[in-house]
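The values are calculated or read from the model by the stated rules, or taken from the named source; none is laboratory data. Here the structure is a predicted model, which means the values were calculated and not measured. Every residue, glycine among them, receives a Cβ derived from its backbone with ideal geometry; neighbour counts consider all protein chains shown. Surface areas here come from the heavy atoms of the whole protein model, side chains and all, with no ligands, DNA or RNA. Shrake-Rupley method; radii C 1.70, N 1.55, O 1.52, S 1.80 Å.
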Amino acid sequence: IAGLKSMKIEKGTCTLEVDIESARANPIPLDPYRFSVAVKDVKDEQVYFSDNYGGVRILDAKDPLIQQKKPITIHLAADHFPTLEEGQTVVFKFMPIRENPEYSMTWEITKEVYDKALAEAAKKSNG
């Protein structure tokens, strides 16, 4: 189980806060290559891919393994990230087991949804 709690694009870096919980008896290694971030345009063509810029960095992991039924929250960062333009979508992917890509999870966040979330967050912090 995984959930994307937040995403922020600032100064060429996309940071993500993610909750992860495993039901597997075998721990899942918490490796950066299990995550990717891409940006696609209105024609569904990729304009950015994190693996082209050193991949996704894990900013804070107390344990290098995701243990069964021990939920964790981690922060990730992708560098050289572009400013989102109209019609673009951020595609965040988590592949717990690279050998079994059918178990991967994907979130797609459009620029419009991202802008709306930012506006709502700003409203809450101001008032």
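Can you give the charge dipole size of region 78-117 about its Cα centre, rounded to the nearest 20 debye, using +1 on the beta carbon of Lys and Arg and -1 on the beta carbon of Asp and Glu?
Roughly 120 debye, rounded to the nearest 20.
Send over a whole-number figure in Å² for the accessible area per residue of region 39-80, probe 1.4 Å.
Roughly 67 Å² per residue, with all protein chains present.
Around Leu30, which amide H atoms from residues at least 5 apart in sequence, or from another chain, sit under 5 Å from its own amide H, with H modelled in the peptide plane?
Amide H neighbours of Leu30: Leu65, Ile66.
Charges on Cβ only, +1 for Lys and Arg, -1 for Asp and Glu, centred on the Cα centroid of region 58-127; of Leu118, Val91, Ile72, which one is farthest towards the dipole's positive end?
Looking along the dipole axis, the top candidate is Ile72.
On a 0 to 90° scale, report how tilted helix 111-126 is relative to the longest principal axis of the chain, with both axes built from alpha carbons and the result rounded to the nearest 10.
90 degrees
Any idea how far apart Thr13 and Ser125 come out in nm if each label point goes 7 Å out from Cα toward Cβ?
1.5 nm
Probe radius 1.4 Å, ligands and nucleic acids left out: which of Glu102, Glu10 has the largest accessible area, and how do the rest follow?
So, going from the largest accessible area down, we get Glu102, Glu10.
Restricting to Cα pairs below 8 Å that are 6+ residues apart, what does the relative contact order work out to for region 45-86? Please round to a whole percent.
48 percent
With a 1.4 Å probe and every protein chain kept in, tell me what percent of the accessible surface of the chain is carbon plus sulfur.
After summing per-atom areas, the C and S share lands at 51 percent.
Given Cα pairs under 8 Å that are at least 6 residues apart, what percent is the relative contact order of region 1-93?
37 percent
With label points built 7 Å along Cα→Cβ from the Cα atoms of Gln46 and Thr110, find their separation and express it in nm.
Taking the simple label geometry, Gln46 and Thr110 are separated by 2.3 nm.
Per the Debye formula with a single identical scatterer at each Cα and no solvent contribution, what log10 I(q)/I(0) holds for the chain at q = 0.10, 0.12 Å⁻¹?
For the requested q values the scattering log ratios are -0.33, -0.47.
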